[in-house]
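Novice: Before anything else, here's the structure in question.
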Ligand SMILES: Nc1nc2c(c(=O)[nH]1)N[C@H]1C(S)=C(S)[C@@H](COP(=O)(O)OP(=O)(O)OC[C@H]3O[C@@H](n4cnc5c(=O)[nH]c(N)nc54)[C@H](O)[C@@H]3O)O[C@H]1N2
Ligand SMILES: Nc1nc2c(c(=O)[nH]1)N[C@H]1C(S)=C(S)[C@@H](COP(=O)(O)OP(=O)(O)OC[C@H]3O[C@@H](n4cnc5c(=O)[nH]c(N)nc54)[C@H](O)[C@@H]3O)O[C@H]1N2
Ligand code: SF4
Ligand SMILES: [Mo]
């Protein structure tokens, strides 16, 4: 018999509502949920074809141990005992920090896993937590911490009311957006123009989303000059909100001084945005009754991600658009994560590494993985939901080699991916369809959504019997290592009991355990919302929460800087700033004709994780996209193979001509390169090449304020192969 259940997708942050047909605990069909309160019948191809991930013959459904090059299924008790013993031995010998962790983007959708993961590492005494968050967005968290007092206090554009919006380095039509929940993005962006407003995409590629407004080319990794000049022009225009600045902000004079020398002409020389276009952008922004600037991954991955986001937030703040309807809204989650974390005394920005590199939101830079392993600081690692060999900077395969030397490598994943090939153990985790959940922390607890809502979903199907939840895995490994999670023995004893009850063979014992469902129920009730049972039973498509109309942040206790003021010029950003900018500017002028490499997300792929879905991947699409005029100069035509070489590595790919590309820019879709993926049979048939072989790692290739890897705007040479 077929039953239909409602849930929401967790492949990307759009969290579209899904309708899932289940027969005998097997997913047989997935459709968009037309009644979902926000997505209202929208979903992309990745959501509706997730059944091919769910039911993939390659899924790992029991712990696997590598013996030489052979993989052997083993029982959980053996896996936990062996892993615990090895972690204990390494910790006794080298200390807690020798045992590292790496979490990938799918870990962001998992609401409960971080509590247990963090508790385990705290108990171990390890601060060596890495994350691919340092490939996408830690610069934003850093800025929010410094300006607003918490990394979890993020502003987002009030898209449905704004009159002017500039979007830098994001492509929501394909990506579904990040740190800003925006379903139906293209439609809602188009509506800005329809209302008589203006929306402009500033990007080295004329992106899919540009159909919703105007497009302006920018030379990769030069946004900092555009933003400095924009801020300066705004200040000189006299259009700043003096009252808001005086009441709610500090260090305006220092900001003014920092941007003073950056003129329209100086930015034009390196960005490629001519003075007239620049002036018209500043003018539209200034005149709009409610305006905003939004930036994302393409800018975050440059060499000035923190400075860019700081300047962008300053433009939003001093123009009087922060916390204002039509401008930038400060969201509220069902739990005030920023406040709670502050109250608990958690330190979210740390400098604990000997090299002085920061940990933002507790994450060390993934660009230090290879050096840390090679130099013996990291001896063992647990990788959860990540594939660093393809996703992180991997100069000429350095990361492949480094991971191969780890004393202990454990992967918690659905599949044996490329890093899994090097693991000693692979522990099978449930898919999102096998987990009870509420949406990502950024929607649930930070409220980064113009249409606040809440949804709770029970697991749609039961996981295969050999699969275990992450909370259970971390709790059991902790126990086997002999460390006490959550700092208290009685809690650890309860947790131990709970891990036994949760997977007991007797149903009545399982019922006694504290399940994820019960934990989430507690969160919902604490927020004054209906219980999990009521949410699942009566509101399977979610509920809408009160709208955010602005005016709920500035001048309230929610600004949790020590003095309650927004800091417009954090000292760390000003240190050496002019020298850095002058050096970069001179470098840009000197290399105006050099090719720069950017990435390209594709609608059918989610990072490295959908490569094994036959209905999505029919052929290889990781071309080098270049402008036809550049192709003519290089003497290449569509399909010709070119060698692409950086200071760090070299790859060979076929060329694809596209007038979407800015001159002297090459876009290569990232997260390909599955030639060794014998655990992912379909992906291996369509391997493509790994463009992150061209990215550098180590200190020189990491943005020092946020730990972000430099993954976009890398200088390369291209030649016919
Ligand atoms: N050049 C370049 N490189 C980039 C980027 C770029 O723009 N340009 N983008 C970067 C960005 S933004 C990111 S986030 C990274 C992404 O890279 P990663 O964070 O490493 O993540 P994914 O490739 O999405 O997923 C890796 C693994 O997660 C597993 N997985 C999926 N769902 C689950 C689950 O529910 N539980 C568990 N345990 N495992 C699961 C998948 O099977 C897969 O093996 O790549 C980065 N790399
Ligand atoms: N289909 C699909 N959706 C995804 C993902 C996926 O892999 N596939 N990944 C998910 C993840 S993990 C994330 S973090 C989000 C990311 O979501 P977004 O932040 O929207 O990221 P991208 O789609 O990579 O868009 C980045 C844009 O920046 C542009 N760009 C590159 N360099 C520069 C620059 O120097 N300056 C400017 N102004 N622009 C630049 C690129 O051309 C590109 O259009 O997407 C998520 N959604
Ligand atoms: S992957 Fe597609 S269906 Fe899933 S949340 Fe993102 S946009 Fe929606
Ligand atoms: Mo990401």
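Novice: For segment 327-347, check the following and say yes or no: at least one residue is surrounded by 24 or more Cβ atoms within 10 Å (Cβ to Cβ), at pLDDT 95 or above and assigned to a helix (DSSP H, G or I).
Specialist: No, every residue in segment 327-347 fails to be surrounded by 24 or more Cβ atoms within 10 Å (Cβ to Cβ), at pLDDT 95 or above and assigned to a helix (DSSP H, G or I).
Novice: On to the next question. Can you pull out every residue in segment 382-441 that is within 16 Å of ligand 3 (Cβ to nearest atom), under 20 Å from residue 53 (Cβ atoms) and in a loop (DSSP other than H, G, I, E, B)?
Specialist: 385, 414, 431, 435, 439, 440
Novice: Please work out if residue 515 is without any contact (Cβ under 8 Å) to a residue 60 or more places away in the chain and not assigned by TED's automatic domain parsing to the domain that holds residue 249. Break it down stepwise before answering.
Specialist: Working: without any contact (Cβ under 8 Å) to a residue 60 or more places away in the chain: no; not assigned by TED's automatic domain parsing to the domain that holds residue 249: yes.
Against the criterion (without any contact (Cβ under 8 Å) to a residue 60 or more places away in the chain and not assigned by TED's automatic domain parsing to the domain that holds residue 249), residue 515 does not qualify.
Novice: So residue 143 ticks every box in (1) touching a helix residue (DSSP H, G or I) at 6+ places or on another chain (Cβ under 7 Å); (2) in the same structural domain as residue 277 (by TED's automatic domain parsing) but one. Which box is left unticked?
Specialist: (2)
Novice: Does segment 461-471 contain any residue that is within 30 Å of residue 40 (Cβ to Cβ), part of a helix (DSSP H, G or I) and within 15 Å of ligand 1 (Cβ to nearest atom)? Let's see the steps before the verdict.
Specialist: So the first thing to find is which residues in segment 461-471 are within 30 Å of residue 40 (Cβ to Cβ), and the list is 461-463.
When the remaining residues are screened for being part of a helix (DSSP H, G or I), the result is none.
No, that holds for no residue.
Novice: For segment 476-495, which positions are within 29 Å of the chain's Cα centre (by Cα) and farther than 20 Å from residue 106 by Cβ?
Specialist: So in segment 476-495, the residues within 29 Å of the chain's Cα centre (by Cα) come out as 476-478, 485-486.
Scanning segment 476-495 gives 476, 478, 485, 486.
Novice: Determine if segment 202-224 includes at least one residue that is assigned to a helix (DSSP H, G or I), touching a helix residue (DSSP H, G or I) at 6+ places or on another chain (Cβ under 6 Å) and farther than 28 Å from residue 45 by Cα.
Specialist: We begin by selecting, within segment 202-224, every residue assigned to a helix (DSSP H, G or I); these are 208-212, 223-224.
Of the ones still in play, those that are also touching a helix residue (DSSP H, G or I) at 6+ places or on another chain (Cβ under 6 Å) are 208-209, 212, 223-224.
Now restrict to residues that are farther than 28 Å from residue 45 by Cα: 223-224.
Yes, the conditions are met somewhere in segment 202-224.
Novice: Within segment 232-251, does at least one residue satisfy the condition of being within 28 Å of the chain's Cα centre (by Cα) and either under 24 Å from residue 172 (Cβ atoms) or in contact (Cβ under 8 Å) with a residue 60 or more places away in the chain (or both)?
Specialist: Applying the first criterion (within 28 Å of the chain's Cα centre (by Cα)) to segment 232-251 yields none.
No, segment 232-251 contains no residue that is within 28 Å of the chain's Cα centre (by Cα) and either under 24 Å from residue 172 (Cβ atoms) or in contact (Cβ under 8 Å) with a residue 60 or more places away in the chain (or both).
Novice: Among the residues that make up segment 505-516, is at least one of them part of a helix (DSSP H, G or I), closer than 18 Å to residue 412 by Cβ and touching a helix residue (DSSP H, G or I) at 6+ places or on another chain (Cβ under 8 Å)? It would help to see each step written out before you state the result.
Specialist: We begin by selecting, within segment 505-516, every residue part of a helix (DSSP H, G or I); these are 507-512, 516.
From what's left, closer than 18 Å to residue 412 by Cβ: 516.
The next check asks that each one be touching a helix residue (DSSP H, G or I) at 6+ places or on another chain (Cβ under 8 Å); those that pass are 516.
Yes, segment 505-516 contains at least one residue that is part of a helix (DSSP H, G or I), closer than 18 Å to residue 412 by Cβ and touching a helix residue (DSSP H, G or I) at 6+ places or on another chain (Cβ under 8 Å).
Novice: So, in segment 522-542, how many residues would count as being without any contact (Cβ under 8 Å) to a residue 40 or more places away in the chain and in a helix (DSSP H, G or I)?
Specialist: 6
Novice: Filtering segment 142-160 down to residues that are more than 18 Å from residue 351 (Cα to Cα) and out of contact with any strand residue (DSSP E or B) (no Cβ under 9 Å at 6 or more places or on another chain), which residue is nearest to ligand 1 (Cβ to nearest atom)?
Specialist: Out of the qualifying residues, it is 152.
Novice: Could we say that residue 219 is closer than 20 Å to residue 276 by Cβ, within 13 Å of ligand 2 (Cβ to nearest atom) and surrounded by fewer than 24 Cβ atoms within 10 Å (Cβ to Cβ) here? If you could, list the steps in order and put the result at the bottom.
Specialist: Numbers: closer than 20 Å to residue 276 by Cβ: yes; within 13 Å of ligand 2 (Cβ to nearest atom): yes; surrounded by fewer than 24 Cβ atoms within 10 Å (Cβ to Cβ): yes.
Yes; evaluated as a whole, the condition is true for this residue.
Novice: If I ask for residues that are part of a loop (DSSP other than H, G, I, E, B) and away from ligand 4 (no atom under 16 Å from the Cβ), which ones from segment 175-193 would you list? Write out each step before concluding.
Specialist: Filtering segment 175-193 for residues part of a loop (DSSP other than H, G, I, E, B) gives 176-184.
Residues satisfying the conditions are 183, 184.
To keep it simple, each residue is scored yes or no on (1) within 29 Å of residue 33 (Cβ to Cβ); (2) in contact with a helix residue (DSSP H, G or I) (Cβ under 6 Å, 6 or more places away or on another chain).
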| site | (1), (2) |
| --- | --- |
| 484 | no, yes |
| 493 | no, no |
| 500 | no, no |
| 503 | no, no |
| 520 | yes, yes |
| 523 | yes, no |
| 527 | yes, no |
| 536 | yes, no |
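Novice: Check whether at least one residue in segment 506-516 is closer than 13 Å to residue 436 by Cβ and under 28 Å from the mean Cα position of the chain (by Cα), and report yes or no.
Specialist: Yes; the residues of segment 506-516 include at least one that is closer than 13 Å to residue 436 by Cβ and under 28 Å from the mean Cα position of the chain (by Cα).
Novice: Looking only at strands (runs of 3 or more DSSP E) that fall completely inside segment 55-141, which ones have 1 or more residues that are within 15 Å of ligand 1 (Cβ to nearest atom) and surrounded by 16 or more Cβ atoms within 10 Å (Cβ to Cβ)? Walk me through it before giving the result.
Specialist: On the way: elements: 64-67, 70-73, 99-103, 129-131.
By residue number, 64-67, 99-103, 129-131.
Novice: Now for a different question. Return a yes/no flag: does segment 628-640 have any residue that is in contact with a helix residue (DSSP H, G or I) (Cβ under 9 Å, 6 or more places away or on another chain), in the same structural domain as residue 605 (by TED's automatic domain parsing) and without any contact (Cβ under 8 Å) to a residue 60 or more places away in the chain.
Specialist: Yes.
Novice: Quick one: which residue in 404, 362, 376, 345 is away from ligand 2 (no atom under 16 Å from the Cβ), farther than 30 Å from residue 240 by Cβ, within 18 Å of the chain's Cα centre (by Cα) and outside the structural domain of residue 704 (by TED's automatic domain parsing)?
Specialist: Values: 404 fails: within 18 Å of the chain's Cα centre (by Cα); 376 fails: within 18 Å of the chain's Cα centre (by Cα); 345 fails: within 18 Å of the chain's Cα centre (by Cα).
Result of the check over 404, 362, 376, 345: 362.
Novice: Could you list, in sequence order, all residues of segment 232-260 that are assigned to a helix (DSSP H, G or I) and closer than 20 Å to residue 554 by Cα? I'd like the intermediate steps shown before the answer.
Specialist: First, pick out the residues of segment 232-260 that are assigned to a helix (DSSP H, G or I): 232-237, 242-248, 252-259.
242, 243, 244, 245, 246, 247, 248, 252, 253, 255, listed by residue number.
Novice: Another question about this same structure. Could you please let me know if residue 66 is within 16 Å of ligand 4 (Cβ to nearest atom) and closer than 30 Å to residue 500 by Cα?
Specialist: Working: within 16 Å of ligand 4 (Cβ to nearest atom): no; closer than 30 Å to residue 500 by Cα: yes.
No: the conditions fail for residue 66.
Novice: Another question, if that's okay. Could you tell me whether any residue of segment 157-174 is touching a helix residue (DSSP H, G or I) at 6+ places or on another chain (Cβ under 9 Å), within 16 Å of ligand 4 (Cβ to nearest atom), in contact (Cβ under 8 Å) with a residue 12 or more places away in the chain and in a helix (DSSP H, G or I)?
Specialist: yes
One line per residue, one yes/no per condition, for (1) in contact with a helix residue (DSSP H, G or I) (Cβ under 9 Å, 6 or more places away or on another chain); (2) over 30 Å from residue 577 (Cβ atoms); (3) more than 14 Å from ligand 1 (Cβ to nearest atom):
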{"site": "644", "(1), (2), (3)": "yes, yes, no"}
{"site": "650", "(1), (2), (3)": "yes, yes, yes"}
{"site": "669", "(1), (2), (3)": "yes, yes, no"}
{"site": "676", "(1), (2), (3)": "yes, yes, no"}
{"site": "690", "(1), (2), (3)": "yes, yes, no"}
{"site": "711", "(1), (2), (3)": "yes, no, no"}
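Novice: Where residues in segment 668-704 are within 17 Å of residue 136 (Cβ to Cβ) and buried (at least 24 other Cβ atoms within 10 Å of the Cβ), which of them is nearest to ligand 4 (Cβ to nearest atom)?
Specialist: Our first condition is that a residue be within 17 Å of residue 136 (Cβ to Cβ); within segment 668-704, this holds for 669-671, 691-692, 695, 697, 701-703.
Adding the requirement that they be buried (at least 24 other Cβ atoms within 10 Å of the Cβ) leaves 670, 691-692, 695, 697, 702-703.
Values: 670: 10, 691: 15, 692: 13, 695: 15, 697: 17, 702: 17, 703: 16 Å.
For segment 668-704, the residue satisfying everything is 670.
Novice: Looking at segment 597-614, can you tell me whether even one residue there is in contact with a strand residue (DSSP E or B) (Cβ under 7 Å, 6 or more places away or on another chain), more than 16 Å from ligand 4 (Cβ to nearest atom), closer than 30 Å to residue 388 by Cα and touching a residue at least 12 places away in the same chain (Cβ under 8 Å)?
Specialist: Yes, that holds for at least one residue.
The values are calculated or read from the model by the stated rules, or taken from the named source; none is laboratory data. What you see is a predicted model; the values in this text were computed from it and never measured. Backbone-built Cβ (ideal geometry, glycine too); neighbour counts: all protein chains shown.
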